[in-house]
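S.K.: For reference, the structure I am asking about is given below.
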Amino acid sequence: MGATRAIREMLRIACIFIVAALPVLASIDGQSEPRFQNAVALWLEGEDQAASEQLRELAYEGNTAAQIFLGRIAAQPYSYNLYSELSRQEARELTRAQGPSYGRFGTSWLDIASETEPLAKAFRDATKTESMVEAVPVLLEYGEAGELLDTLNRAYSQDLNDMETLLNSHVWPTEISAFTTWLDWDLEFRRSADEFSQTEFTAQELREFFDTAPAFDPANDEFWIVVGPDPMDVFEDEVARNEAARRYSTIEAFSPIHAWCKSICGATPEEYGSCTMAINVVATSKGPFSTFFGPVQSLLDSERYTTSSRFSEDMMSLARSSAYPPDLLERLDGCLFQHTHGPK
C-alpha cells in the first residue's frame, strides 16, 4: 500500500490535541505508593533530577510503576532538563539500570518492567512492525491514547499490510477520533485510486475521478487537527497564516494549548490562535504530537499534565527543537518566538 509523498508529509505533521482522560481498566503495581506519587509531583514541577532519583530508588526496589515512568521520561522531549543539567553519563545513571548484568550503557527500565508488566511490554512491542498489532489491545485496556496514536502512525508510515484490518478491528478512543477519521478517508481514497489505476482512462475520466473521489474537507475540524496547513503556505502567505490562526482559535481540541498561549501571548482569539497555529506547525514537524498526552496516561492523567508547569516547559522545549530555523517561527508568531528563544 504505497503512500504518496504528499500524504506522508501530511501525516508527518499530524497533530492530535485532546485532553479528556480515558477510563483506566487496569492498574500497575506500585502506582499507589506515596513515594511514587511524590516523585511524579516533583517531575510535574520540573524537578527532573530529584524526581529521577526517587524513581530510580523505587525502580531498584522493584516498583513497576516507577520503572515504567522512568523508562518513558528518559526519552525526549521529557528529558531535556536532565540533559541540560547533567552530563550524558550522569543522566544515564539516573534513568537506566546500572550494573554488570545491564551492559556498558545500562538497560532501560522499560525493558526490565516488560518482563512482568503487560503495559511495559506493549510500549516496547508497539515500536516494532512485527508486534505492533499485538500491542494495541493492551494499550486500549490501559487507556494509552498517546501511544495508540503513535502506533497507528507507525503502522501507516510503514505500509502495514493489514492496516485496514487493524483500524476496523477495534473501537478507538475519542481522543484520537480525528486521526482515525482521517485514516478512514485516506484508505478509502487509495483503494479507489488503486481500482481506477487498473483501467485505461482518458484525461476527462481522470478529472471526473478526482472530482468524485472521497474528499477530506478542509472546512472540517479534523483537517486542521490531523493535516493542518502546509508549512510553506503559512510561512510565505499572510492571508493563509491569518486564516490558519483563526481556525486554530476555534477548535476545542486545542484548549490546553489555548490556555498556555493565553498565558504568554494574550487572551484575544487572534493572539492565542496565532500562537496555537505556530506551535502546531513547527513543533510537530518531527511527527505526531503524542507527547500532548503525557508519558504514561495510566499513571498520570492527561489533564493533570497539561495544567502543570511542566507542560509549559515541554511546549517550549518542542518549539526550540523544531526542525525549522528559528526565524521561521518568528515569522509565524513573534510572541511565541520571544517566549521560547528570547529577544534577539
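The values are calculated or read from the model by the stated rules, or taken from the named source; none is laboratory data. Computed from a prediction, not measured in an experiment: that's the story for all the values here. Cβ coordinates were reconstructed from backbone atoms using ideal geometry, including for glycine residues, and neighbour counts include every protein chain displayed. Accessible surface is based on the protein model in full, side chains and every heavy atom, while ligands, DNA and RNA are left aside. Shrake-Rupley method; radii C 1.70, N 1.55, O 1.52, S 1.80 Å.
S.K.: Expected output is a single nm value to one decimal: the length gained when fully extending between R88 and A50, i.e. 0.36 nm times separation in residues minus the C-alpha distance. What is it?
M.R.: Extra length available between R88 and A50 comes to 12.0 nm.
S.K.: Please list 3J(HN,Hα) in residue order for the stretch 164-174, calculated via the Karplus relation 6.51 cos²θ - 1.76 cosθ + 1.60 where θ = phi - 60°; whole Hz, with x for glycine and proline.
M.R.: 5, 5, 4, 5, 8, 8, 9, 8, 8, x, 4
S.K.: A further question follows. In the full protein assembly as shown, how much of C265 is accessible to a 1.4 Å probe, in Å² to the nearest 10?
M.R.: Using a 1.4 Å probe on the heavy atoms, I get roughly 20 Å².
S.K.: Okay, moving on. Name all residues of the stretch 288-330 having a backbone nitrogen under 19 Å from the label point set 7 Å from the Cα of S255 along its Cα→Cβ direction, giving them as ranges.
M.R.: Answer for the stretch 288-330: 292-294, 301-309, 311-312.
S.K.: By its C-alpha gyration tensor, with a ≥ b ≥ c as the square roots of the eigenvalues, how is the stretch 36-129 shaped: rounded for a/c under 1.5, else prolate for a/b larger than b/c, else oblate?
M.R.: Rounded shape, in that the Cα axes give a/c under 1.5.
S.K.: Order the following by accessible area, largest value first: Y142, Y83. Probe radius 1.4 Å; ligands, DNA and RNA are ignored. Write down the numbers at each step before the final one.
M.R.: Details: Y142 15, Y83 75 Å².
In descending accessible area the options line up as Y83, Y142.
S.K.: Over what distance in Å are the Cα centres of the stretch 35-64 and the stretch 255-277 separated?
M.R.: Taking the Cα centre of each part, the stretch 35-64 and the stretch 255-277 sit 32 Å apart.
S.K.: Now for a different question. Would you kindly derive the ³J(HN,Hα) couplings of the stretch 241-247 from the backbone phi angles with the Karplus curve 6.51 cos²θ - 1.76 cosθ + 1.60 (θ = phi - 60°), listing them in order in whole Hz, with x for Gly and Pro?
M.R.: 5, 5, 5, 5, 4, 4, 5
S.K.: I need the calculated FRET efficiency for the pair S177 and R320, taking r as the beta carbon distance and R₀ as 25 Å, to the nearest 0.05. Walk me through the numbers on the way to the answer.
M.R.: Working: r = 30 Å, r/R0 = 1.22.
Computed FRET efficiency for S177 and R320: 0.25.
S.K.: With a 1.4 Å probe and every protein chain left in place, tell me how much accessible area I112 has, in Å² to the nearest 10.
M.R.: Accessible surface of I112 is approximately 30 Å².
S.K.: Let me ask you something else. Using a basic spin-label model with each label point 7 Å from the Cα along Cα→Cβ, how many nm lie between T127 and S263?
M.R.: Rounded to a tenth, the inter-label distance reads 3.0 nm.
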